[in-house]
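Down below is the structure, laid out as structure tokens.
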Amino acid sequence: MSLTSPGKAHRSDVVGRSVPEAPVCVAGLSSDEAARRLRVEGPNAISGAGGRSLLDIARDALREPMFMLLLLAGGIYLALGDLKEGLTLFGFVLITLSLTLLQEGRAERALEALRDLSSPRALVIRDGIYSRIAGAEVVRGDLLKLDEGDRVPADAILIQAEALRADESMLTEEDPVVMTIFPALGARRLSHSGVLTRRISAIETLGATTVLCTDKTGTLTRNRMTVTRLIAGGLDLDRELALNQWADASLPEDFHELIEIAILASVPDPVDPMERAFHELGQRFLSDTEHLHRDWQILKHYPINPEVRAMAQVWRLSGVGQSSAQIVAAKGAPEAISALCNLGAPDRALVEQAANELARDGLRVLAVAKTRYSDPGFPEKLSGFALEFVGLLGLEDPVAPEVPAAVAECRSAGIRLLMITGDYPATAEAIARAAGIGDAGDTVLTGDELAELDDRSLRERIARVSVCARITPAQKLRIVQALKSRGEVVAMTGDGVNDAPALRAAHVGVAMGRRGTDVAREAASLVLVDDQFSALVSALRRGRRIFDNLRKAMGYALAVHVPIAGMALLPFLFGWPPMLLPMHIALLELIIDPACSIAFESEPAESDLMERPPRDAQAPLFTAAMLAVTLLQGLGVLLCVAAGFAWAQSEFSEARARAFGFAILVTGNLALILSHRSRRHSLCASLRTPNRNLWWVMIGALLLLITALYLPWAQAVLRFESLQPVELGLAIGLGLSSLIGLEAIRWAIRRAPARPA
């Protein structure tokens, strides 16, 4: 359908699909005029609230209890006349706030970039050709072309349409994005792998996925179709004959009509790979024959629908004496075309047998039919025509080379794969075998069988199914709901406008970036830029990694505050001089914050990440056992610091003892960082795992400790005395000795019976 834009727009789309390059009959605006109008009248976008500004981030950070306590302590110092300590404390707050602004600013910029990438796009006619542009670049007077499922990118006047319907509810299809650093930066990392994140919460859910429902064409296969088998008039052009004949650029006359009708049943400027394959075949073998009809006109279009898996077009023949002659060309599923042609039982059996033979080779099978028609009116349904069966075409669309390895990785991760396709059952089975989907004993569920099952029966049957064939988009929703009712965490791929309910119902909806419609992409949580299945598996792996690192960071943050809180309390209980003053806590935050937000966020995935079963999506971040272990690790460091500080009371002055205890606490903090890098592998293996950011944080922590201990100005503010090299070495040794206890705890955890996370 075509529209012309008189003014401003709504919003715009993710990644452009492939568009036809052929010129159209109208020129539209020129590129120069469009650029001028965009410059003068502004972008076609609604101004709306963006993300948080740096001021917003700073305001939120200063409301946190830790910042409020430090600011209060600094104010008290100033009120008591201790200008140096008050200003120092405020300086620490400023540094910590700067780190917060840096990290959350990065996250905000990542989300803003993702919002830009996920905005709709528009197909316009400029300079006489189709161009896919950002929706914000649509200008007044642009000619717009809409396909099924596209967003309307601007207010427009309708010029031409076929069965136009618009869903306006999307003007009210979003909740505010939950801002967290790990998922936001994880979303940016996913975008580098060809996966765009529309809903940040989906990243966490990815790691808990137990069932991945995937379509076939273009996801598991290359979506590059080639006609390799033709059956018409009792003749079968098999693969060997096809290769020999087509190499000589010739084709038996018996198959000319078959290709002709297949082309007439397709759109003139095809985007669909199947229809393009028909046109390419015709251009190669029928270009010098009377079977191509560029001057014919389409009078009526019968779209495919769930009730009749076939579509047709009515053409007006051109030429002398042909003014009232019309031809109907139909294509679709073999069983649907057989029914429309009213074939008898023997002929239907022959068609089914031939279709099954092609499908067992993994070919996509289409049947075509035709009829002449001269009445002035058209029947309401395709079944109103007296169609004649013409033949079958088999199209090869092989499994993409990277798919079997990606499927194997999913299976090793305990993720079950379920192929859902509208294709012939035997074709789907062959492709599933080639991709490595399914186990012995798994069955194929067809759409007709599914329609006969109630919800309870479907819930039981779906547990033994690896392929769902001849499935309508509406039935995808029932499949998702049946899986969810079994307690599965479902990820679902889709591309059509009718896939939107299933994508929205799935825990993680995944839309295709190239061939997906706007409606599908807006209903989805993730978008595959290049429609590659391997990118989806990479997203699953990254989802697990993000949650794994989030758990490590939170565990470390919990553990490290045990010795901090303990050493703030124990001196009062035992009558010791205070070891930790407010500026010491502020100084420690300069280590803890980067460790959580920088070091752990960039921690690489553990080697066995995709060998673990999916975690329970309903489980809390920490189980009781994990919480106990984390607190025990913090107590281990507290014990080392308390013992060292107690010993230092009898050996050193108060300021030197405080410096000694603080050095133990800092190095114990580093020990906790190293210990929390992995819950499943040894410390030695953890140390061999590269993470440049982590080592920068640890080096920075040691430099900060040296500065605090030996810079005279810092000594005065922090109330430290310099430690002798031997004393510093002893303090560092005591702090790092906590690693022995931490490693013992880790060893016990690794020897404990494995449980799903």
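Values computed for the structure shown
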item	result
Failed item, numbered, when Gly543 is tested on (1) at pLDDT 90 or above; (2) buried (at least 24 other Cβ atoms within 10 Å of the Cβ)	(1)
Residues being modelled with pLDDT of 80 or more and either more than 36 Å from the chain's Cα centre (by Cα) or surrounded by fewer than 22 Cβ atoms within 10 Å (Cβ to Cβ) (or both) - total across region 671-690	2
Candidate set from region 130-161 (those that are in a strand (DSSP E or B) and basic (Lys, Arg)); member that is nearest to Arg515 (Cα to Cα)	Arg132
Count of region 274-292 residues which are over 41 Å from the mean Cα position of the chain (by Cα) and either hydrophobic (A, V, I, L, M, F, W, C) or under 25 Å from Ala333 (Cβ atoms) (or both)	4
Residue identified as at pLDDT 90 or above, charged (D, E, K, R), out of contact with any Gly (no Cβ under 9 Å at 6 or more places or on another chain) and under 25 Å from Met225 (Cα atoms) among Arg294, Arg276, Arg284	Arg276
Members of region 602-641 that are crowded, with 21+ Cβ neighbours inside 10 Å and within 29 Å of Gly91 (Cα to Cα)	Gly634, Val637, Leu638, Val641
Unique residue being among the aliphatic types (A, V, I, L, M), under 30 Å from Asn691 (Cβ atoms) and in a helix (DSSP H, G or I) when the list is Leu550, Leu477	Leu550
Unique match (being within 24 Å of Arg612 (Cα to Cα) and either assigned to a helix (DSSP H, G or I) or under 18 Å from the mean Cα position of the chain (by Cα) (or both)) among Leu558, Leu536, Leu503	Leu536
Test: Glu112 is modelled with pLDDT under 75, acidic (Asp, Glu) and over 22 Å from the mean Cα position of the chain (by Cα)	no
Residue identified as in a loop (DSSP other than H, G, I, E, B) and at pLDDT below 95 among Glu460, Glu488	Glu488
Some residue of region 691-712 being modelled with pLDDT of 90 or more, of a type in the set (S, T, N, Q), assigned to a helix (DSSP H, G or I) and in the same structural domain as Leu609 (by TED's automatic domain parsing)	yes
Top-ranked residue in region 427-441 [being out of contact with any Leu (no Cβ under 9 Å at 6 or more places or on another chain) and surrounded by fewer than 17 Cβ atoms within 10 Å (Cβ to Cβ); ranked as modelled with the highest pLDDT]	Arg433
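The values are calculated or read from the model by the stated rules, or taken from the named source; none is laboratory data. Here the structure is a predicted model, which is why all the values come from computation and not from measurement. Here Cβ is always computed from backbone atoms with ideal geometry, including for glycine, and neighbour counts include all displayed protein chains.
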